[in-house]
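Trainee: Mind looking over this structure? Questions follow.
Please treat every number below as a calculation from the coordinates, not as lab data. In this text the structure is predicted, and so the values were computed from the model without any measurement. Here the Cβ is made from the backbone with ideal geometry for all residues, glycine too, and neighbour counts use every protein chain on show.
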Amino acid sequence: MAEISVLQHMMPSSASFSPQEMLSFLSANGTIDLSRVRNEMIKTQIDKLIETTHTSPITQGPDGRWRTSVYEGKKRRLIAKKSLDDLKLEVYCFYTGISKEDVFREHTIESLYPRWKEYKALHTNAKTYIIRIDSVWNNHYLNDEIIRIPISKLDKLTLDTWAHKLIKDNEYTKKQYYNHTIIARQVLDYAVELNLIPFNPFSQFKVDSRVFRKEKKQSSETQVFSRDEQAAMEALAWEDFEKIKHPVNQLIPLAMLFQFQTGLRIGEVCALKYEDIEGDKFLVRRMYRAATKEVIDDTKGTFGERSVVLTDKAMEIIEAVNDRKQELGIDNEYIFSLKDQPASYDALKDLYPSYCSKLDITNRSSHKSRKTFVSSLIDGGVNINTVREMVGHNDERTTLSCYCFDRNTDAERKNMIQNALSS
């Protein structure tokens, strides 16, 4: 008896467990069937709706059938069923518009995804977010059996195993894992809100940070153009502009030059209009979306409209654009286009690897001109908050951790270190 008493004192009381933990335990050990729990919850929902919404009496006739009435406009419709449960279900479907098949349907992540996506779209102003979500769904989920398992069967062990297998198989960093699993986690949160499951099983386990691949910041040589490389890229762009007068894309080399001076994203520079210029600044308030081939009155992320300084070089570039358009007799709204449509996204994107190849330097995308712009401003002592605002980041940590790199060559870096240590 004394041993039992000691064990009782060692055991935690039931009050130390959350309801979610207890449900998870009971489900995992086969003591409770979550599918049955869900069905009972649905029946409770049906009773609650009928109690609060349905005003016609429910009666049982001499023939044993249950009857009540609903109104479609002013027209009265009689409902009669053999059982009370069937009658209540019919009334519930009438008021909610849900089909009988869907009421007790075993939902999956796959079946809930379209509804969750519509719900998510109502709660974000970032128009590109849903496109990115769809991309994750198409690339990572469509061929994954996890989306076809009934959500009532997605217990802690199933999801814990799935999550850790994703990390191991793909050698994910913490950020990559989060981006992959966000759909599953949030769809299950949505299922909780719909009372389809009592809790999100994702909350029942944690991933030890040590299992993630450590994310190492990429080398400066691959992320920004050195001063000499930028100068060579700019010289090549001016040369192409003067010599190669492409019938449609002859202004594209100047669009590249403009990116180096303004840090614009490729979709933003393609959609830039003359009306955006205000004195020695211009507003960034729209972008060309390559995925849907449309111009949207928005920019990437949630920063919104932003103001960017027009440097003397940027003004020279626009003047060169205007001179060429005057030669050609063209008067249109998009600055770097000869047509009444945005400048060519693909032509500008392809110009970077083409020039890098000609100059025999490390291949870098147009996005690296944006990182070069940020790094140049920080090297020049521009306040980090000003830099952040000009490139449209909500958090300066993004600017510093992802866009700040050393533009010096090895020789320049060595000389600077020697000078610093010798003083």
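Trainee: How big is the C-alpha Rg of the chain next to the rule-of-thumb value 2.2 N^0.38 Å, as a ratio?
Mentor: 1.42
Trainee: What does the charge add up to near ASN170, with Lys and Arg as +1, Asp and Glu as -1, over the other residues with Cβ less than 14 Å from its Cβ?
Mentor: +1
Trainee: Please state the charge dipole magnitude for the chain, taken about the Cα centre, from unit charges on C-beta atoms (+1 on K and R, -1 on D and E), reported in debye and rounded to the nearest 20.
Mentor: The dipole magnitude comes to about 1380 debye.
Trainee: Let me ask another. So, in Å, what gap is there between the alpha-carbon centers of the range 114-189 and the range 196-252?
Mentor: Going from one Cα centre to the other spans 24 Å.
Trainee: Report the per residue volume, in Å³, of the convex hull enclosing the C-alpha atoms of the range 263-332.
Mentor: Per-residue hull volume (Cα only) is 101 Å³.
Trainee: Let me ask something additional. Excluding GLU239 itself, what net charge comes from residues whose Cβ is under 13 Å from its Cβ, given Lys and Arg +1 and Asp and Glu -1?
Mentor: Once all neighbours under 13 Å are counted, the net charge is 0.
Trainee: At q = 0.10, 0.24 Å⁻¹, what log₁₀ I(q)/I(0) does the range 109-209 have when each alpha carbon counts as one equal point scatterer in the Debye sum?
Mentor: Normalising to I(0) and taking log10 leaves -0.26, -1.51.
Trainee: Also, I was wondering about something else. Calculate for the chain the 222 nm mean residue ellipticity that helices alone would give, adding -39,500 (n - 2.57) per DSSP H run of length 4 or more and normalising by residue count, nearest 500 deg cm²/dmol.
Mentor: -16500 deg cm²/dmol
Trainee: Also, I was wondering about something else. Which three numbers, in whole Å and largest first, are the semi-axes of the equivalent ellipsoid of the range 33-105 derived from its Cα gyration tensor as √(5λ)?
Mentor: For the range 33-105, the ellipsoid semi-axes come out as 22, 15, 11 Å.
Trainee: Now, a different point. Where the centroid of each part is defined by its Cα atoms, how far is the range 47-100 from the range 258-280 in Å?
Mentor: That distance is 62 Å.
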